[in-house]
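Enquirer: Have a look at the structure that comes next, please.
The values are calculated or read from the model by the stated rules, or taken from the named source; none is laboratory data. These figures come from a predicted structure and were not determined experimentally. When we count neighbours, we look across all protein chains shown, and the Cβ atoms used for this are built from the backbone with ideal geometry, even at glycine. Remember, those area values only see protein heavy atoms, side chains included, never the ligands or the DNA or RNA. Shrake-Rupley method; radii C 1.70, N 1.55, O 1.52, S 1.80 Å.
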Amino acid sequence: MSERRPAPTVGQVVLGKRLQELREAARLKREEAARVLRVAPATVRRMEMAEVALKIPYVQVLLETYGVPDDEAAAFVALAEEANRPGWWQRFHDVLPDWFSMYVSLEGAATLVRSYEPHFVPGLLQTEEYARAVMEAGTVGQTGPDTIERHVSLRMARQRLLDRPDPPHLWVIMDETVLRRPVSIRGEVMGEQLDKLLEFAERDRVTLQIAEFEDGPHPGTYAPFTLFRFGEPELPDMVFTEYLTGALYLDSRGEVSAHLEVLDHMTARAASAQRTKKILRECREDF
Amino acid sequence: MTGSDAAPQIDTSRPHPARVYDWWLGGKDNYPVDEELARRILALDNTAVRGARANRRFMHRAVRAVAEAGIRQFLDIGTGIPTEPNLHQVAQGVAPESRVVYADNDPIVLRHAQALLHGSAEGSTAYVHADVRDVDFLLARAAESLDLARPVALSLVALTHYLGDATDGDSGDDVHGLLQKYVAALAPGSYLILSQVTPDLNPEAVAKAAGAFRAGGTPFYPRPITEFQRFFGGLELLGPGVIPVTGWRPEAEDVAAQTEGVVPVYAGVARKP
């Protein structure tokens, strides 16, 4: 892809998959669909894979070709228009790389977010001061204070998600390291962060577990990762994993399942949610 | 199979019945080995998915029935991966103050239950890591949340077919003896809610499905009606008695499901006098 565009929204991913199903139900090959649109087969593939935005006139012709009834086609087009609309996070485009726009979109559309955090409190649960300290520590090179402040604002804006009437279930396993290595020499930063964790641990839609040192090594020790699950049954779970200069999104059954299995093993071995609250309270007393 | 809370040994290299069941119910908390066995069994016995759904719906109807009869304490053994609506939602839907204890022997299943099953503010929802075979341990843990001197609804939905009886020399289990111990520990006025697979209604397919379960490492014991009825010995069966699962006090959805064909599962609910 030569042209840069914002990362796909989850709506685009769902509709792309649906478009593919409708084509297959009509027993048409991509080449045949492309011929109707007078485009290359790759264009149809990119729409189905959500690599490009859904062009409405193309969608209308395809739905007609696939024999989709008028009312159903109209509903599909309405959803496509909605999915093409940029998300709230676009106003942070100056500090938001594409790979992370996708993350914010997934997070907002998910019904379940399960993650493993070896180093830091997850972004959705950070206090502003903690977030600032992490970003200052993680910044090497030319990043100025203004940019850091923009990142902090974005992170705080993401947290509104958990105050929605229908928030996703957030289920996090944090390594004990997160509690033991302070992000700031100022004790109150960790203290306030622990208060915030304790507060969120009381919520029904938040589950926190600590993987304690005394449990020894566990199968997740490679890197942080997050698994997203969506309300749409046809949409597979998706795994996000980050590295220094970018990120990977995995949605193949084999890769997603390997991450699910690791999360399940870790959740069984880590401290229960109940015990985790006790650990957090004890740790709070140290600050 | 111990009832301890010690660091559990977890083997996810083989299919697990709770995750096979999750796949049949359209869930996503299963791995490729589970999906493979679920598909293989479905190919041998095309009622597997309908059977799984029918068991869930039976649990809903039975729990609602006993809740409406005044039961406010529930002990569910072999809970499985959470699937909405869950037992506590049905029970607390009738009476918000209902207390529910979920018990399962699988540490992963249990953590899923802890993470996803939250009860009403008025009632309580607790989780016990215990095996159905450890009757004393399981009941002792359940008694931390339930008053066993008062009536309890004990449910084992689609569980007893994983347990052998004294004549199945290979399993070492005595399912009839186990159930007698549980029932003996319950207060008068308690209820027993059961469903399990039977060879009576579709012998060939059920025999093949059972063979596939065993080949996957899970013992499986379909039972004829006489054996299933023995579970309710000394108890008063609620109408309509022991019956194919979709026929137990069916609602509109179950009547519709019946037209898709019989599901080889018996169900029954009984009261301890």
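Enquirer: Counting only DSSP beta bridges with both residues in chain B, tell me the antiparallel percent, nearest 5.
Expert: 35
Enquirer: Here's something else I'd like to know. Straight-line reach from B:Lys181: which aspartates and glutamates have a Cα under 12 Å away, not including same-chain ones fewer than 8 places off?
Expert: B:Asp134, B:Asp136
Enquirer: Turning to a different aspect of this structure: Which of the GluC sites (Glu not before Pro) across the stretch B:164-273 are loop residues per DSSP, with 14 or fewer other Cβ within 10 Å?
Expert: Sites meeting the loop and neighbour criteria: B:Glu251, B:Glu260.
Enquirer: To the nearest 500 deg cm²/dmol, what mean residue ellipticity at 222 nm is calculated for the protein assembly as shown from DSSP H runs of n ≥ 4 alone, each contributing -39,500 (n - 2.57), summed and divided by the residues?
Expert: -13500 deg cm²/dmol
Enquirer: Using only the alpha-carbon atoms of the stretch A:134-287, report the extent along each of the three principal axes, biggest first, to the nearest angstrom.
Expert: The Cα atoms of the stretch A:134-287 stretch 46, 39, 36 Å along their principal axes.
Enquirer: Kirkwood hydrodynamic radius for the stretch B:9-64: how many Å is it when counted over pairs of different Cα atoms?
Expert: Hydrodynamic radius (Kirkwood, Cα only) of the stretch B:9-64 equals 11.8 Å.
Enquirer: If ligands, DNA and RNA are left out, what is the accessible area of B:Val49 with a 1.4 Å probe, given in Å² to the nearest 10?
Expert: Accessible area, nearest 10 Å²: 30 Å².
Enquirer: Out of the total accessible area of chain A (probe 1.4 Å, heavy atoms of protein only), what percent is carbon and sulfur?
Expert: Summing carbon and sulfur atoms, their accessible area is 52 percent of the total for chain A.
Enquirer: Still on this structure: For the interface of chains B and A, what total accessible area is buried with a 1.4 Å probe, rounded to the nearest 100 Å²?
Expert: 1800
Enquirer: Have a look at B:Gln73, B:Ala91, A:Gly216 and report the one farthest towards the positive end of the charge dipole of the protein assembly as shown, computed about the Cα centre with Cβ charges (Lys/Arg +1, Asp/Glu -1).
Expert: B:Ala91
Enquirer: Give me the three principal axis extents of the stretch B:155-213 from the C-alpha atoms, as integers in angstrom, largest value leading.
Expert: 40, 24, 16
Enquirer: So how many Å³ per residue does the convex hull of the Cα atoms of chain A work out to?
Expert: 144
Enquirer: Quick one, what does Rg over Rh come out to for chain B if you take C-alpha atoms and the Kirkwood Rh?
Expert: A ratio of 0.93.
Enquirer: Further question: So, how do all the Cα-to-Cα distances of the stretch B:82-149 break down into 10 Å bins, in percent, from 0 on up?
Expert: Percent of Cα pairs in each bin: 22, 51, 27, 1.
Enquirer: Okay, moving on. For the protein assembly as shown, what is the accessible area per residue in Å², given a 1.4 Å probe and the full set of protein chains? Mind dumping the intermediate values first?
Expert: On the way: 25070 Å² over 560 residues.
Accessible area per residue, the protein assembly as shown: 45 Å².
Enquirer: Where a ≥ b ≥ c are the square roots of the eigenvalues of the C-alpha gyration tensor, would you call the stretch B:1-157 rounded, which needs a/c under 1.5, or, failing that, prolate if a/b is larger than b/c, or oblate?
Expert: Here the stretch B:1-157 falls in the oblate category.
Enquirer: When the convex hull of the C-alpha atoms of the stretch B:121-273 is computed, what volume per residue in Å³ does it have?
Expert: Convex hull of Cα atoms, per residue: 147 Å³.
Enquirer: To two decimal places, what compactness ratio does the stretch A:172-242 give when its Cα radius of gyration is scaled by 2.2 N^0.38 Å?
Expert: Ratio of Cα Rg to 2.2 N^0.38 Å: 1.37.
Enquirer: List the lysines whose alpha-carbon lies under 17 Å from that of A:Lys277, not counting same-chain residues fewer than 8 positions away?
Expert: A:Lys196
Enquirer: Quick one: Cα convex hull volume of the protein assembly as shown, Å³ per residue?
Expert: Cα convex hull per residue, to the nearest whole number: 170 Å³.
Enquirer: Okay, moving on. When DSSP beta bridges are limited to those with both residues in chain A, what percentage is antiparallel, rounded to the nearest 5?
Expert: The antiparallel fraction comes to roughly 55 percent.
Enquirer: Amide H of A:Thr207 versus every other amide H placed in the peptide plane: which residues, excluding those fewer than 5 positions away on the same chain, fall under 5 Å?
Expert: Residues meeting the amide H criterion: A:Leu170, A:Trp171, A:Val172.
Enquirer: With every protein chain left in place and a probe of 1.4 Å, what is the accessible surface of B:Lys208, to the nearest 10 Å²?
Expert: In the full protein context, B:Lys208 sits at about 110 Å².
Enquirer: Cα-based Rg (one decimal) and Dmax (whole number) for the stretch A:1-124, in Å?
Expert: When restricted to Cα atoms, the stretch A:1-124 yields Rg and Dmax of 16.6, 52 Å.
Enquirer: When DSSP assigns beta bridges and you keep just the ones with both residues in the protein assembly as shown, what percent turn out antiparallel, to the nearest 5? Intermediate results must be reported in sequence, preceding the final value.
Expert: Numbers: 26 of 57 bridges.
So the antiparallel bridges amount to about 45 percent of the total.
Enquirer: Along the stretch B:145-153, what does the Karplus equation 6.51 cos²θ - 1.76 cosθ + 1.60 (θ = phi - 60°) give for ³J(HN,Hα), rounded to whole Hz, x for Gly and Pro?
Expert: With coefficients 6.51, -1.76 and 1.60, one gets 10, 10, 9, 6, 7, 10, x, 9, 9 Hz.
Enquirer: Roughly how many debye, to the nearest 20, is the charge dipole of the stretch B:32-165 about its Cα centre, given +1 on each Lys and Arg Cβ, -1 on each Asp and Glu Cβ, and no other charges?
Expert: Using Cβ point charges on Lys, Arg, Asp and Glu, the stretch B:32-165 gives about 460 debye.
Enquirer: About its Cα centre, how strong a charge dipole does the stretch A:152-287 have in debye, to the nearest 20, once Lys and Arg get +1 and Asp and Glu get -1 at the Cβ?
Expert: Rounded to the nearest 20 debye, it is 340 debye.
Enquirer: Amide H of A:Glu117 versus every other amide H placed in the peptide plane: which residues, excluding those fewer than 5 positions away on the same chain, fall under 5 Å?
Expert: Here A:Ile173, A:Met174, A:Asp175 satisfy the definition.
Enquirer: Expressed as a whole percent, how much of the Cα-Cα distance distribution for the stretch A:84-225 exceeds 26 Å?
Expert: The proportion of pairs with Cα distances above 26 Å equals 26 percent.
Enquirer: At a cut-off of 30 Å², which residues of the stretch B:9-35 become less accessible once all protein chains are present than in their chain alone, using a 1.4 Å probe?
Expert: Correct list: B:Ile10, B:Thr12, B:Lys28, B:Asp29, B:Tyr31, B:Pro32.
Enquirer: Given a 1.4 angstrom probe, I'd like the percentage of the accessible area of chain B that is carbon and sulfur, rounded to a whole number.
Expert: The C+S portion of the solvent-accessible surface of chain B is 53 percent.
Enquirer: Would you check the accessible area of A:His93, probe 1.4 Å, heavy atoms only, in square angstrom rounded to 10?
Expert: 130
Enquirer: Which one, A:Ala26, B:Leu238, A:Leu260, is farthest towards the positive end of the dipole of the protein assembly as shown when Lys and Arg carry +1 and Asp and Glu -1 on their Cβ?
Expert: Of the candidates, A:Ala26 comes out farthest on the positive side.
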